[in-house]
Amino acid sequence: MVYKLSAKSRVVIKFGGSSVRDSFSEALRLVQKLYEGNEVVIVLSALKGVTDLLLKLAESKSPEFLKEFEEIYLGTIERLGIELSIENEIRELKFILRNEKAFPSRKAYIDHVLSFGERLSVKLFSKALEDEGIKSTPVDAFYLIETNGSFGNAKVDLKKTKDKIWIVEEILKRGRVPVITGFLGNFNGFRTTLGRGGSDYTASVLGRLLNARAVLIMSDVKGIYTADPKIVRDAKLIPFASYEEVSTASMLGMKALHERAVEPVKGKIPIILGKTNNQHLGTLISKINAGMPILTYKIINENLASIGVVGVSEVNINAQIYKRGRNWICFLVKREELENTLNAIHEVIFQ
């Protein structure tokens, strides 16, 4: 399935951690294609696995984790043949690890440590674009995205962020490609993070404030499926889904998109999900839906899980109803029965 963007449109494209680590050259090629006749804004995640590693580093301050983090980026730089120094970032990271007490809370300190993954990804990708002949400017979202003080799961303040969007506009005006850190923001001079998958949220906020034609979310999967294809063997790719459906599915546990990502663009700008390594665009999120229900799940604790079904109000299956809303229903199941129940519900709905 291919969606053609009109010439000279403004596009925000976000690459997830798998794309940056495993499909770097494919991501560069996609940017090159879109750059011909379009204004392109890039949002990046940390390399796959790096955020978890930095979380361990923040909690333990272990020299081994610090060394592993440094080696991941140095190895990537070497593999890509890019000339780039990360000495300043490593020096700052060591300083932060020694000065946790300078932060207002442990969560604020952890957020600052977590920021280094995205910051290095942006530096790396921007230099790679320059080497390909595309003028680029790395942007730390700390200077752009204003949030509330919910460290670890901050919410973007659209009004305050709008006052700083001129930073990106100026870069675009000079014919350069802004490469912006996803997942990150600023609250009263301290770094905040937007929750796991928060780079999606960054991209949709920028799409809204920059009046983009579309927001592209590129990752290691084609798009949104009727259920997690790693668990449900007959899961089907959904070509079209509505803002409302996707927002509800994200709230109920769907991993394909951050649960706050729809709200900034709802009713205004489409979100397109695709797979980086074959540049396949799979799901268009807009006002249109394909009439295909979406199954989601959440782990509640070691004993229980919930299964959400978006797009139907009733499912004929022997399971305890947990909660329900308009056009969705949620079941409570034992954790060990999650996989079988997901497959059973999917079969009931689609067969």
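The values are calculated or read from the model by the stated rules, or taken from the named source; none is laboratory data. None of these values were measured; they are calculated from a predicted model. No Cβ is skipped: glycine too gets one built from the backbone with ideal geometry, and neighbour counts run over all protein chains shown. Note: areas computed on protein heavy atoms with side chains; ligands, DNA, RNA excluded. Shrake-Rupley method; radii C 1.70, N 1.55, O 1.52, S 1.80 Å.
Scan the stretch 71-110 residue by residue and report those that are closer than 30 Å to Ala27 by Cβ, of a type in the set (Ser, Thr, Tyr) and touching a residue at least 24 places away in the same chain (Cβ under 8 Å). Passing the criteria: Tyr73, Thr76.
Scanning for something closer than 14 Å to Leu124 by Cα and not charged (D, E, K, R), does the stretch 97-108 turn up at least one residue? For the stretch 97-108, residues closer than 14 Å to Leu124 by Cα and not charged (D, E, K, R): absent. Per the conditions (1) assigned to a strand (DSSP E or B); (2) within 20 Å of Arg233 (Cβ to Cβ); (3) open to solvent by 20 Å² or more (accessible area, probe 1.4 Å), the sole criterion not satisfied by Val333 is (3). Note on the stretch 309-318: residues that are without any contact (Cβ under 8 Å) to a residue 24 or more places away in the chain and not hydroxyl-bearing (Ser, Thr, Tyr) amount to 2.
Go through the stretch 185-215 and report how many residues are within 14 Å of the chain's Cα centre (by Cα), of a type in the set (A, V, I, L, M, F, W, C) and either within 19 Å of Glu169 (Cα to Cα) or surrounded by fewer than 24 Cβ atoms within 10 Å (Cβ to Cβ) (or both). Total satisfying the criteria: 4. Look at the stretch 263-284: where a residue is farther than 19 Å from Ile238 by Cα and a partner is at pLDDT 95 or above and among the hydrophobic types (A, V, I, L, M, F, W, C), sitting 6+ places away or on another chain with Cβ atoms under 6 Å, you get Pro264/Val205.
Elements of the type strands (runs of 3 or more DSSP E) sitting completely within the stretch 193-277 and holding at least 2 residues that are modelled with pLDDT of 95 or more and among the small types (Gly, Ala, Ser): these cover 240-242. Confirm whether Thr341 is of a type in the set (Ser, Thr, Tyr), open to solvent by less than 40 Å² (accessible area, probe 1.4 Å) and at pLDDT below 95. Answer is yes for this residue.
Condition check ((1) within 30 Å of Lys323 (Cα to Cα); (2) open to solvent by 20 Å² or more (accessible area, probe 1.4 Å); (3) among the polar types (S, T, N, Q)) across all residues:
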| residue | (1), (2), (3) |
| --- | --- |
| Ala227 | yes, no, no |
| Arg233 | yes, yes, no |
| Lys236 | yes, yes, no |
| Ser250 | yes, no, yes |
| Lys266 | yes, yes, no |
| His280 | no, yes, no |
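Please find, within the stretch 278-308, the residue that is farthest from the chain's Cα centre (by Cα) out of those that are closer than 30 Å to Arg335 by Cβ and either among the basic types (Lys, Arg) or assigned to a loop (DSSP other than H, G, I, E, B) (or both). Applying the filter and picking the extreme gives Asn303. For the stretch 156-173, filtering for residues that are open to solvent by 40 Å² or more (accessible area, probe 1.4 Å) and either among the acidic types (Asp, Glu) or more than 13 Å from Val139 (Cβ to Cβ) (or both) leaves 9. Against the test of being open to solvent by less than 10 Å² (accessible area, probe 1.4 Å), at pLDDT 95 or above and closer than 15 Å to Arg191 by Cα, the options Phe125, Phe69, Phe116, Phe103 yield a single qualifying residue, Phe116. Only one of the numbered conditions (1) crowded, with 16+ Cβ neighbours inside 10 Å; (2) modelled with pLDDT of 95 or more is not met by Asn148, and that is (1).
Within the group Leu129, Leu120, which residue is touching a residue at least 60 places away in the same chain (Cβ under 8 Å) and either in contact with a strand residue (DSSP E or B) (Cβ under 9 Å, 6 or more places away or on another chain) or polar (S, T, N, Q) (or both)?
The match here is Leu129.
Can you tell me how many residues within the stretch 29-66 are open to solvent by less than 30 Å² (accessible area, probe 1.4 Å) and over 18 Å from the mean Cα position of the chain (by Cα)?
The qualifying residues number 6.
Could you go through the stretch 138-146 and let me know if any residue there is in contact with an Asp or Glu (Cβ under 9 Å, 6 or more places away or on another chain), in a strand (DSSP E or B) and either in contact (Cβ under 8 Å) with a residue 40 or more places away in the chain or closer than 22 Å to Val11 by Cα (or both). There is at least one residue in the stretch 138-146 that is in contact with an Asp or Glu (Cβ under 9 Å, 6 or more places away or on another chain), in a strand (DSSP E or B) and either in contact (Cβ under 8 Å) with a residue 40 or more places away in the chain or closer than 22 Å to Val11 by Cα (or both).
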